[in-house]
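Beneath this line is the structure, given in structure tokens, with notes to follow.
Read the figures in this text as sums done on the coordinates, not as results from a lab. Given the structure is predicted, the values throughout are model-derived calculations rather than measurements. FYI the Cβ positions are ideal-geometry reconstructions off the backbone, even for glycines, and counts take in every protein chain you see.
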Amino acid sequence: MIETSIEVWQKEWAFPTLSLMLEVNFLAGKKIVEAVSDMLSGFLEKSDLELYDIELVKEGRDRILRVFIDKTVTYDGDGVEIECFVSTDECELVSRFLSERLDEEDPIEENYLLEVSSPGMSRQLKKEKDFIRYIGKLVDIKLYKSYEGSKEYTGILKNYENGNVTIETEEKKIHFEKEQIAKVSLSFVF
């Protein structure tokens, strides 16, 4: 998304300094995410946890490093997934471990807040394995542009292939191309 914006800015408004600055910030953020992922990989594996996602965002004046962890997927004898949830103790354990490593290696030059949590019940599906894991579950899809009069759809996830998603609503099956999709999340109904 940022790379596309940079290209547009360079072509339409010709702000090479601004585009270079955004590109450098994007690359620096990517390196930080990779460094954090490397720091956590062995530790999470030993703890029966896995890295779900990492975000480095700016909210107001604050820079926030968000780390989302999840339980390693396990199955019973019949091949049915055993649902397990991340505890607050596990989040605290990962937060302390990561905080110490970040202090030692110091990959982030400016001040930041560290948040460690689970992706939650209405988690965003980002990776292929997430989509495959949740086939048959209710999902919410948000689109970049309106399709058949709506930018939001809820339905049962039926298929995922090469970034394309098929859901089944009460009325019909709908196929969305990767380029249409802004976000897919598990739908949580109370």
Among MET121, MET39, rank each residue by its count of other Cβ atoms within 10 Å, from fewest to most, as a rough exposure measure. MET121, MET39
Taking other Cβ within 10 Å of each residue's Cβ, how do SER99, SER187 sort, fewest first? SER99, SER187
Low-density loop GluC sites (Glu not before Pro), the range 88-125, at most 11 other Cβ within 10 Å, DSSP non-H/G/I/E/B, are GLU109, GLU110
Where does the charge balance sit around VAL73 when Lys and Arg score +1, Asp and Glu -1, over other residues with C-beta under 12 Å from its C-beta? -4
When PHE176, PHE68 are ranked with the fewest other C-beta atoms within 10 Å first, the list becomes PHE176, PHE68
Put one equal scatterer on each alpha carbon of the range 124-165, apply the Debye formula with no solvent term, and list log10 I(q)/I(0) at q = 0.16 1/Å to two decimals. -0.41
Distance in nm between label sites at VAL189 and HIS175, each 7 Å beyond Cα in the beta-carbon direction? 2.6 nm
The answer for the per residue Cα convex hull volume of the range 78-190, in Å³, is 187 Å³
Tell me which trypsin sites (Lys or Arg not before Pro) from the range 128-190 have a DSSP coil assignment and no more than 10 other beta carbons within 10 Å of their own. LYS172
Place a point 7 Å from Cα of ASP89 in the direction of its Cβ. Which residues in the range 105-133 have their backbone N less than 17 Å from it? 118
Sequence neighbours fewer than 8 away in the same chain don't count; with that in mind, list the aspartates and glutamates whose C-alpha is under 14 Å from LYS71. GLU45, ASP48, GLU50, ASP53, GLU81, GLU83, ASP89, GLU90, ASP130
